[in-house]
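Trainee: Sharing a structure, written as structure tokens. Questions coming.
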Amino acid sequence: MFDQSLFKKLQFDRVKRGVIAKAVGDFSKEKLENMPIESNLASIRVKQQETKEARIIIESGQYIPLLGLKQINRLMNKIDKGVILTPAELIEFADFLRSNRMLKKFFEKNRYQTPTLYKYSQALSKFTTTEEHIYQKVDDYEVLDDASRDLRKARRQFKTIKDEIQDKLMKFLRSPKNKPMIQDVLIVEKQGSITVPIKASYKFKVPGTIVDQSSNGQTVYIELDLVAKLNEKLAFQKAVIESESYQILAELTGELSEQRTSILNAIDAVTMFDIIFARAKYSREYDGITPQINQAERINIIQGRHPFLVGTPVPLDFQLGKDYRGLIITGANAGGKTIVMKTVGLLTLMAMAGLQVPAQAGTELAVFDQLFVDIGDEQNIENQLSTFSAHMKNIAKIVQKAGRNTLVLLDELGSGTDPNEGAGLAIAILEDLYRKGALIVATTHYGEIKNFTKKHADFTPAAMKFDRETLTPKYVLQVGEVGDSQALWIAQKMRLPKALIQRAGKYITNQAKYATKKIQFPKLAKTDQLPDKAENELRYQKGDQVYLTELKKVGLVYEDHGDDTVAVFVEHGFQNVLRKRTRLKMAADKLYPVDYDLESLFTDFHQRKMRKDLERGSKKAQKQLDKMARARRNKN
């Protein structure tokens with residue numbers, strides 16, 4: 001139903017990991033790996049109610065009794081394979097059985113606060129008899145003496161025989177006549193026999209059987225003849241104890257196996273509670289609320305927050321589907337356009353998964369059958385053309401599958417190619433998606449798309465607020481406003497000449513005509529002399545792709561100074577590089593169309609870098625913006 005790749009693009013995979021970490025049982029964690037995204041309105045509302053009630057329990061300071069759940073599925077699998085459980089495993093199983101009884105009692109106490117969960121708890125079975133049998137017969141380490149009459153008798157006889165052996169051996173060890181032969185006054189168990197340590201030189205003078213010797217050969221461990229028969233009796237009683245203990249463990253394991261169906265149902269039921277409370281625990285981390293859910297393709301987010309934004313993010317107010325079905329967001333890069341889209345998409349997925357959302361009460365989210373995303377990743381210069389192809393391949397799938405109850409999120413639609421062609425293609429894509437009934441959120445810089453949005457009755461523009469006084473983005477969505485990309489501001493920060501920027505502003509507002517007059521340049525003096533080395537060297541054009549031999553990196557030529565240096569854009573910044581340390585890799589006229597705006601290459605890359613730094617909360621980037629703003633005010 002939903003492409004798994006969109007979970008990564010919208011960071012829902014990170015949400016899922018957060019919920020999994022809150023679960024107790026291994027089986028619960030396995031099921032949460034495939035956390036379902038529901039498209040059924042009734043199912044989603046039930047899940048939201050479950051999470052809400054579990055959150056009430058958590059907020060009240062109570063703890064749900066999920067005992068013995070962690071490995072219960074593994075233990076049940078061992079029983080199914082015919083493996084006899086150990087005492088510790090049986091205790092863990094008994095804890096789980098006890099938790100069924102405790103859960104039933106727990107939700108009985110909270111029935112008025114949690115009616116849905118109380119109803120679920122009524123299906124829990126009680127295993128009181130089996131639970132008591134286990135606790136009465138084993139502890140974490142062994143089968144208890146009182147588990148059976150035969151076991152109690154065997155252990156009592158074992159103790160009596162062992163005490164008699166130790167008494168005889170201690171008399172032997174303390175006897176003055178034996179003192180020269182004895183290495184240590186100790187009774188040592190070796191290979192199942194009770195022995196005494198004798199000096200190796202006396203090993204043939206002590207009546208008994210050599211059982212073992214020390215690593216250096218100086219000590220031998222001898223089972224004395226005087227206790228040989230007692231040792232045999234002790235070994236027999238030990239075998240009786242082991243046999244009886246095994247029989248009791250087998251009986252208890254068999255008792256669990258006989259109730260397999262009921263226990264499996266109990267595992268499913270308790271696992272369900274574990275998953276519900278995992279959702280509630282995770283929702284509490286970001287102070288989520290229960291949103292209203294509709295099937296009318298209507299979104300109304302009030303003071304929404306992306307759960308993974310660091311610091312104190314600006315809350316988002318967002319509407320779609322009621323007054324308009326398409327929202328086109330414009331504005332400067334690093335202003336938060338992409339975050340708006342990701343927030344809308346992620347909150348929608350979270351709500352459909354039964355999670356509360358980080359927003360204010362009154363927030364309403366829609367149920368969608370399909371959700372598609374095309375959000376570009378950061379690409380380097382060499383991948384620019386292939387990036388456009390990848391976007392078009394993704395959008396082709398979206399156009400093919402989109403319909404009613406579909407939410408489509410498109411970042412920088414039409415970018416990465418000729419602006420005129422890209423804008424025309426983007427508008428056609430928007431029209432097609434709209435005709436098919438999809439709800440659309442898209443971001444753009446293209447003026448043609450902005451004009452289309454203003455003219456279309458069911459589309460509306462929105463802009464990311466930008467403070468022109470401080471020259472910093474405000475990350476506030478302003479619906480009904482048309483923003484610009486602040487290209488001239490970025491260009492100024494990239495140190496383009498002031499006169500050039502002023503002229504560009506006049507071109508944008510149609511206040512000046514293009515300088516198209518031909519210039520008569522004076523002819524260069526002819527000479528028969530060979531040009532010097534500098535004159536004979538290659539002159540670069542803006543946009544040429546060059547290889548920097550010292551840095552071993554690829555960059556774009558911004559300006560050929562005409563001397564020994566070339567201004568090259570590399571690693572998100574400009575560097576003056578010695579000409580002799582450059583090699584032409586691809587000329588600009590082979591990389592870009594004739595009318596391509598080469599200046600936008602450098603602006604776009606700078607904007608991406610700034611946006612990336614600001615979105616991850618870089619203090620350095622923010623300080624840089626503040627410094628730029630102060631410098632501009634001082635100049636004015």
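Nothing in this text is a laboratory measurement; each read-out follows from the coordinates by a stated rule. The model shown is predicted, which means the values in this text are computed figures rather than measured ones. Here Cβ is always computed from backbone atoms with ideal geometry, including for glycine, and neighbour counts include all displayed protein chains.
Trainee: At R0 = 35 Å, how high is the FRET efficiency between GLN191 and ASP26 if r is their beta carbon distance? Nearest 0.05 is fine.
Mentor: Given R0 = 35 Å and the Cβ-Cβ separation, E is 0.35.
Trainee: In terms of Cα to Cα distance under 16 Å, which aspartates and glutamates are near enough to LYS199, apart from those fewer than 8 places away along the same chain?
Mentor: ASP184, ASP212, GLU223
Trainee: While we're looking at this one, here's another question. Once you put a point 7 Å from the Cα of ILE508 and another 7 Å from the Cα of MET170, both along the Cβ direction, what distance in nm separates them?
Mentor: Inter-label distance under the simple model: 9.9 nm.
Trainee: For a 26 Å ceiling on Cα separation, which of these pairs sit above it: LYS31/LYS436; LYS168/LYS238; LYS337/LYS455?
Mentor: Over 26 Å apart, Cα to Cα: LYS31/LYS436.
Trainee: Which links in LYS81/LYS104; LYS474/LYS542; LYS397/LYS465; LYS8/LYS401 stretch past 22 Å when you go from one Cα to the other?
Mentor: Long pairs (Cα-Cα over 22 Å): LYS81/LYS104; LYS474/LYS542; LYS397/LYS465.
Trainee: Of the listed values (i) 75, 68, 47; (ii) 82, 62, 42; (iii) 127, 75, 46, grab the one calculated as Cα extents along the principal axes in Å from the structure here.
Mentor: Among (i) 75, 68, 47; (ii) 82, 62, 42; (iii) 127, 75, 46, the one derived from this structure is (iii).
Trainee: Whole-Hz ³J(HN,Hα) for each residue in region 242-251, computed from phi via Karplus 6.51 cos²θ - 1.76 cosθ + 1.60 with θ = phi - 60°, x for glycine and proline: what do you get?
Mentor: Those phi angles translate into 5, 5, 5, 5, 4, 4, 5, 4, 5, 5 Hz.
Trainee: Given just the C-alpha atoms of region 148-233, how large is their convex hull per residue in cubic angstrom?
Mentor: 87
Trainee: Give LYS450/LYS553; LYS159/LYS179; LYS342/LYS552 a once-over and call out the pairs whose C-alpha atoms are over 31 Å from each other.
Mentor: LYS450/LYS553; LYS342/LYS552
Trainee: Among all the lysines, which ones have a C-alpha under 22 Å from LYS105's C-alpha, if same-chain residues fewer than 8 places away are not counted?
Mentor: Reachable lysines: LYS52, LYS70, LYS119, LYS126, LYS281.
Trainee: Among TYR112, GLN319, PHE521, which residue has its Cα positioned farthest towards the positive end of the charge dipole of the chain, with +1 placed on the Cβ of Lys and Arg, -1 on the Cβ of Asp and Glu, and the dipole taken about the Cα centre?
Mentor: Going by the charge dipole, the pick is PHE521.
Trainee: How do the peptides 213-225, 441-453 rank, highest first, by the average count of neighbouring beta carbon atoms within 10 Å per residue?
Mentor: Result, highest mean Cβ count within 10 Å first: 441-453, 213-225.
Trainee: Also: Provide HIS391, HIS456 in ascending order of the number of other Cβ atoms located within 10 Å of each residue's Cβ, fewest first.
Mentor: HIS456, HIS391
Trainee: So, one more: Helix-only mean residue ellipticity at 222 nm, the chain, DSSP H runs n ≥ 4 weighted -39,500 (n - 2.57), per residue, nearest 500. What is it?
Mentor: -15000 deg cm²/dmol
Trainee: Residue-wise, which Karplus ³J(HN,Hα) couplings in Hz belong to region 190-197, taking 6.51 cos²θ - 1.76 cosθ + 1.60, θ = phi - 60°, and x for glycine or proline?
Mentor: Result, ordered by residue: 10, 6, x, 10, 8, 10, 10, x Hz.
Trainee: Using θ = phi - 60° and the Karplus curve 6.51 cos²θ - 1.76 cosθ + 1.60, what whole-Hz ³J(HN,Hα) does each residue of region 308-313 get, with Gly and Pro shown as x?
Mentor: So the Karplus estimates, Gly and Pro as x, are 10, 6, 7, x, 10, x Hz.
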